[in-house]
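Here is the structure we will look at.
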Amino acid sequence: MKNDADIEQFQYSQIQNYPYERWFREVRYSGKTLTETERKEFLAASEKVIASYSRGLPLITSQLERSKELHDEYHEIYRTLLSVMLFTLLIVIDCIVACKLFMMADKDYDRRFTRGKMKIILNEGFKKLYGFDEKTHKKSEWNRLATILKYFPEKIQKQYQELSSLLEEQSKSSSWWKDERDLETHLDADKLYASRCEDVIESKVMTDSIKLINALFAGYAFLTNMNACVFNFLLETYRRGELREE
């Protein structure tokens, strides 16, 4: 733990008013083919996002490990938040890595294979994030946040409701590639091969992936606001003299 002088320098974190709807604007396949320059720019941007987001994984897991035997109300709430953050980061990274590998594949079968695996991430990722119906929503990470929401300020609760409406609408926007996901996981050879033989349209594959990536970006932005609330609570508690290192 930092010493008192260090902690006194900390400032309260600002709760951001993110325009969440911008992450849910429909992106349609336009028929445009990426240029070589655009492809290189995407790959470079992907590397930066992967590096940036992956730095947070060991920090979150260390916090979860440190608090796993602590079962007071605060730690139960914070573990739930950290666990949802961990899921969100992992799936963002996995999705972007899958996109990167698809873009880098220079053999026809490699591209068909990576496209298929991207469909699994798209379907399973959104199902785990929010769900597609009442049953899957109850098991979702988003629904886990609902169990701790009462401990957060009204501003956060309103943002949660706003995002919930956007995610609900998105969950009904398509089948989320369920058929492709089933074929890729159940390995019905005849049907899987037929699915793999469908034309590989690079720009369309990338457009499809944006639906999940943007939803995850929106979710993670909201989670950073929740995390800021926890930090502010701890800082306020410390400054009241109720939190001191023994």
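Counting other Cβ atoms within 10 Å, keep those with at most 10, restrict to DSSP loop, and tell me which GluC sites (Glu not before Pro) in the stretch 9-52 are left.
On the way: sites: E21, E26, E36, E38, E41, E47; in loops: E26.
Filter output for the stretch 9-52: E26.
From the residues I156, S174, Y74, which one has its Cα farthest along the dipole of the chain in the positive direction, the dipole being from +1 and -1 charges on Cβ of Lys/Arg and Asp/Glu about the Cα centre?
S174
What is the stretch 45-105 by shape, rounded, prolate or oblate, if you read a ≥ b ≥ c off the alpha carbon gyration tensor as root eigenvalues and call it rounded for a/c under 1.5, prolate for a/b larger than b/c, and oblate otherwise?
On the way: a/c = 4.08, a/b = 3.11, b/c = 1.31.
Judged from the Cα gyration tensor, the stretch 45-105 comes out prolate (a/c at least 1.5, a/b above b/c).
With an 8 Å cut-off on Cα pairs and a minimum separation of 6 or more residues, tell me the relative contact order of the stretch 10-130 in percent. Let's see the in-between values first.
Values: 49 pairs, mean separation 28.3, N = 121.
Across the stretch 10-130, relative contact order equals 23 percent.
Can you give me the % of accessible surface on the stretch 1-103 that is carbon or sulfur? Probe 1.4 Å, all protein chains present, nothing else counted.
Details: 3560 of 6610 Å².
Accessible surface attributable to carbon and sulfur in the stretch 1-103 totals 54 percent.
Can you list which of the DSSP-assigned H helices in the chain have a Cα extent of 20 Å or more along the long axis and an average Kyte-Doolittle score of at least -0.5?
Values: long enough: 36-54 (27 Å, -0.53); 73-104 (47 Å, 1.39); 108-129 (31 Å, -0.99); 154-171 (25 Å, -1.31); 202-239 (54 Å, 0.46).
Result, helices passing both filters: 73-104, 202-239.
With the cut-off at 29 Å, tell me which of the pairs K107/K204; K127/K155; K119/K155 have Cα atoms farther apart than that.
Values: K107/K204 18 Å; K127/K155 26 Å; K119/K155 35 Å.
Result: K119/K155 exceed 29 Å.
Would you work out if the stretch 135-174 is rounded, prolate or oblate? Take a ≥ b ≥ c from the square roots of the eigenvalues of the alpha-carbon gyration tensor; rounded if a/c is under 1.5, else prolate when a/b is larger than b/c, oblate otherwise. Mind showing how you got there, number by number?
On the way: a/c = 4.55, a/b = 1.48, b/c = 3.07.
Judged from the Cα gyration tensor, the stretch 135-174 comes out oblate (a/c at least 1.5, b/c at or above a/b).
Quick check: residue separation of S67 and K135 times 0.36 nm, minus the Cα distance between them. What number comes out in nm? Could you put the intermediate results ahead of the total?
Numbers: separation 68, 0.36 × 68 = 24.48 nm, distance 3.01 nm.
Full extension of this stretch gives 21.5 nm more.
When a/c is below 1.5 the answer is rounded, else prolate if a/b is larger than b/c, else oblate, so apply that to the chain with a ≥ b ≥ c taken from the square roots of the Cα gyration tensor eigenvalues. It would help to have the intermediate numbers written out before the result.
Values: a/c = 2.22, a/b = 1.92, b/c = 1.16.
Prolate is the answer for the chain, as a/c is 1.5 or above and a/b outweighs b/c.
Expected output is a single nm value to one decimal: the length gained when fully extending between E168 and K117, i.e. 0.36 nm times separation in residues minus the C-alpha distance. What is it?
Values: separation 51, 0.36 × 51 = 18.36 nm, distance 2.44 nm.
So the extension gain works out to 15.9 nm.
How long is the gain from D106 to R25 if the chain were fully straight, where each residue apart is worth 0.36 nm and the alpha carbon distance is subtracted? Could you put the intermediate results ahead of the total?
On the way: separation 81, 0.36 × 81 = 29.16 nm, distance 3.12 nm.
Additional length available on full extension: 26.0 nm.
To make sure I understand the rule: partners must be aspartates and glutamates, Cα under 13 Å from the Cα of K68, and not fewer than 8 residues away in the same chain. Which ones qualify?
In chain and number order, the partners are E76.
Tally Lys/Arg at +1 and Asp/Glu at -1 over every other residue whose Cβ is under 11 Å from the Cβ of R39; what's the total?
Taking every other residue near R39 into account, the sum is -2.
All other residues with a Cβ under 13 Å from the Cβ of F102 taken together, and with Lys, Arg as +1 and Asp, Glu as -1, what is their net charge?
On the way: positive: R39, K100, K107, R111, R112, R115, K117, K119, K204; negative: D94, D106, D108, D110, E202, D208.
Residues close to F102 contribute a combined charge of +3.
Counting only heavy atoms of the protein chains, get the accessible area per residue of the stretch 25-90 (1.4 Å probe) and round it to a whole Å² value. Let's see the in-between values first.
On the way: 4370 Å² over 66 residues.
Accessible area per residue: 66 Å².
Write out the trypsin sites (Lys or Arg not before Pro) in the stretch 40-92 meeting two conditions: DSSP loop, and at most 12 other Cβ atoms within 10 Å of their Cβ.
Details: sites: K40, K48, R55, R66, K68, R79; in loops: R55, K68.
When the trypsin sites (Lys or Arg not before Pro) of the stretch 40-92 are filtered for loop state and at most 12 Cβ neighbours within 10 Å, R55, K68 remain.
Which value, in Å² and to the nearest 10, is the accessible area of M206 when all protein chains are kept and the probe is 1.4 Å?
Using a 1.4 Å probe on the heavy atoms, I get roughly 20 Å².
Going through the stretch 29-79, which chymotrypsin sites (Phe, Trp or Tyr not before Pro) have at most 15 other Cβ atoms within 10 Å and a DSSP loop state? Walk me through the numbers on the way to the answer.
Working: sites: Y29, F42, Y53, Y74, Y78; in loops: Y29.
Sparse-neighbourhood loop chymotrypsin sites (Phe, Trp or Tyr not before Pro): Y29.
With the contact rule set at Cα under 8 Å and sequence spacing of 6 or more, what percent relative contact order holds for the chain?
Numbers: 202 pairs, mean separation 79.7, N = 246.
After rounding, I find 32 percent.
The values are calculated or read from the model by the stated rules, or taken from the named source; none is laboratory data. If you're wondering where the values come from, they're calculated on a predicted model, not measured in any experiment. No Cβ is skipped: glycine too gets one built from the backbone with ideal geometry, and neighbour counts run over all protein chains shown. Protein only, heavy atoms only, side chains kept; ligands, DNA and RNA dropped before computing areas. Shrake-Rupley method; radii C 1.70, N 1.55, O 1.52, S 1.80 Å.
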